[in-house]
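Reading through the structure tokens given below for one structure.
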Amino acid sequence: MEGGFALLPVERQNRIMELVKERKNIKISELSTILSVSEMTVHRDLKALIAGGEIIKTFGGISLKESVQAHPKDDKCTYCHGSINDRLAYRIILANNDVEFTCCAHCGLLRHRQLREKATHAICHDFLKHTTINSSQATYVMDTSLNVGCCQPQVLAFELATDANKFVKGFGGTVYTFTEAIDVVYHKMNE
């Protein structure tokens, strides 16, 4: 109960919009605590806001649509300075709520390694489904025969390990967890 009294749904939605505009992204659990309501209530409040198009659902939270989906038209990858392809893009959200964009998971993992504690979380797209996923919980494939025309060694992200394993059966490659992928791509670049 913000301010000592229960807010109406429309008041909670307005407060959620204030918070996400201020911070650019926020976790569902934080909203639940701030608003003194259950996470289920937050999810119900978010339905109308997501439908309105100003915010999008991310893994475990929400983000201001402009801060996650789009990047400045002239923006370049913060790691290799190449062009950013939205289908492969990797976004790193920093503690100060800035968002860094990389062209692909290869550069995203290398940049994530450089930033270490400055990164609060990162998101990327599932290679098959093109849904937004939490990068630290994704499964990564390297050394596949499919070439998507981005940085080498190529790194493809999958939400589910089962999808990554099926992909490898058809196109070859090796499956890695987030932590393994950061180390492997770093070592491959330094060989």
### Task
For Tyr90, work out the one condition from (1) exposed (fewer than 13 other Cβ atoms within 10 Å of the Cβ); (2) at pLDDT 90 or above it doesn't fulfil.
(1)
### Message
I need the full set of residues from region 85-104 which are among the hydroxyl-bearing types (Ser, Thr, Tyr) and within 11 Å of the chain's Cα centre (by Cα), in order please.
### Response
Tyr90
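Quick check: anything in region 158-168 closer than 21 Å to Ile123 by Cβ, in contact with a helix residue (DSSP H, G or I) (Cβ under 7 Å, 6 or more places away or on another chain) and hydrophobic (A, V, I, L, M, F, W, C)?
For region 158-168, residues closer than 21 Å to Ile123 by Cβ, in contact with a helix residue (DSSP H, G or I) (Cβ under 7 Å, 6 or more places away or on another chain) and hydrophobic (A, V, I, L, M, F, W, C): present.
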### Query
What is the number of the single condition among (1) under 20 Å from Thr179 (Cβ atoms); (2) modelled with pLDDT of 85 or more; (3) in the same structural domain as Gly149 (by TED's automatic domain parsing) that Phe101 does not meet?
(1)
### Task
Could you tell me which residue of region 145-157 is nearest to Val185 (Cα to Cα), considering only residues that are surrounded by fewer than 20 Cβ atoms within 10 Å (Cβ to Cβ) and touching a helix residue (DSSP H, G or I) at 6+ places or on another chain (Cβ under 9 Å)?
Pro153
### Query
Is region 107-121 home to any residue that is within 10 Å of the chain's Cα centre (by Cα) and at pLDDT below 90?
yes
## Note on the structure
Residues of region 146-179 being in a helix (DSSP H, G or I), touching a residue at least 24 places away in the same chain (Cβ under 8 Å) and either under 16 Å from His112 (Cβ atoms) or among the acidic types (Asp, Glu) (or both), in sequence order, are Asp163, Phe178
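Going through region 80-111 one residue at a time, which ones are polar (S, T, N, Q) and part of a loop (DSSP other than H, G, I, E, B)?
Asn85, Asn96, Asn97, listed by residue number.
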### Message
Condition first: part of a helix (DSSP H, G or I) and touching a helix residue (DSSP H, G or I) at 6+ places or on another chain (Cβ under 6 Å). Now tell me which residues in region 17-29 satisfy that.
### Response
Ile28
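The values are calculated or read from the model by the stated rules, or taken from the named source; none is laboratory data. In this text, all values refer to a predicted model and were calculated from it rather than measured experimentally. No Cβ is skipped: glycine too gets one built from the backbone with ideal geometry, and neighbour counts run over all protein chains shown.
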